[in-house]
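This report concerns only the one structure given below.
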Amino acid sequence: MRRWFLPAAVGGVVAWTVLVTPLSIAIGEYFAYYDPQSDPERLQYHRDLAAHVYTAGHWAGQLVAALAGAWLVVRAGGYHRAVVLHAALTGGLLALVTGTVAVAAGAGRMLEHGYPSVAPDPTMLTEPAVLGCLVASLVCFPLWALLGAAIAGLTRRRPLLVVVATVLCQPATVLLTVGLAAPPSSHPLAVSLIASDGRAALAMPAILLLWTAALTAAATAANRRRR
């Protein structure tokens, strides 16, 4: 497996995040509060839009994080503690890079779209619901990296293909084809729920954490048996 794979993938995610910001605005406008009339409704619309704009590129970034975790295991020739730690750090770094680029690309756009005149902070970067959505999505990056590493630890043949299939076959992704055709966020369904109810932000990383813990335990056990 080529050494340039991971740097090229990270560079691709950064470029995609910048390019997909206008698409995130379009999809955010579609999912945002329907037909706002009053100022509180316009504020909710602007908040919903911000949740999509600031998670631009996250879906693709999480896919790359999962692939990176698998790639590190394959490159190391086995699943062990140091590789698992490296995968988690790589996922966290990818989250930091993607999140920073998405915010930098989207902050100015929030001043041009939606209803910035009704918001105390037109960028919405201080809005708790938006921050909750952003943090919940960023937490998923290292979790996906750990999940990808665990899949590679369990799968002998074509682990990267298995990882891609795992990410694409999430039930919400299968139901919402927009997640495949134009992934602007951690997932459009998740963002639409999170923007309306901050508590929903916990659902996505919580579910992913359970799967990660289960597969990590399975991969660790399988690695011990092989030894």
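Please go through the stretch 98-124 and pick out each residue that is outside any helix (DSSP H, G or I) and in contact (Cβ under 8 Å) with a residue 60 or more places away in the chain.
Within the stretch 98-124, H113, G114, Y115, A119, P122, T123, M124 meet the criteria.
Does the stretch 160-169 contain at least one residue that is open to solvent by less than 40 Å² (accessible area, probe 1.4 Å), at pLDDT 85 or above and at negative phi?
The answer is yes, given that some residue of the stretch 160-169 is open to solvent by less than 40 Å² (accessible area, probe 1.4 Å), at pLDDT 85 or above and at negative phi.
Kindly indicate whether T55 is crowded, with 21+ Cβ neighbours inside 10 Å and part of a helix (DSSP H, G or I).
no
State yes or no: is L23 in a helix (DSSP H, G or I), surrounded by fewer than 20 Cβ atoms within 10 Å (Cβ to Cβ) and without any contact (Cβ under 8 Å) to a residue 40 or more places away in the chain?
No, not satisfied.
Kindly indicate whether any position in the stretch 87-97 is in a helix (DSSP H, G or I) and more than 30 Å from A221 (Cα to Cα).
Yes, some residue in the stretch 87-97 is in a helix (DSSP H, G or I) and more than 30 Å from A221 (Cα to Cα).
Restricting the stretch 1-18 to residues that are over 16 Å from the mean Cα position of the chain (by Cα) and open to solvent by 70 Å² or more (accessible area, probe 1.4 Å), which is modelled with the lowest pLDDT?
Restricting to residues being over 16 Å from the mean Cα position of the chain (by Cα) and open to solvent by 70 Å² or more (accessible area, probe 1.4 Å), the top hit is M1.
Could you say which residue among A102, A152, A145, A95 is touching a Cys at 6+ places or on another chain (Cβ under 9 Å), closer than 30 Å to L215 by Cβ and at pLDDT 90 or above?
Result of the check over A102, A152, A145, A95: A95.
The values are calculated or read from the model by the stated rules, or taken from the named source; none is laboratory data. As the structure is a prediction and not an experimental result, all values here were calculated from the model. Positions of Cβ are generated from backbone atoms using ideal geometry, with glycine treated the same way; all protein chains shown enter the neighbour counts. Accessible surface areas use protein heavy atoms only, side chains included; no ligands, DNA or RNA. Shrake-Rupley method; radii C 1.70, N 1.55, O 1.52, S 1.80 Å.
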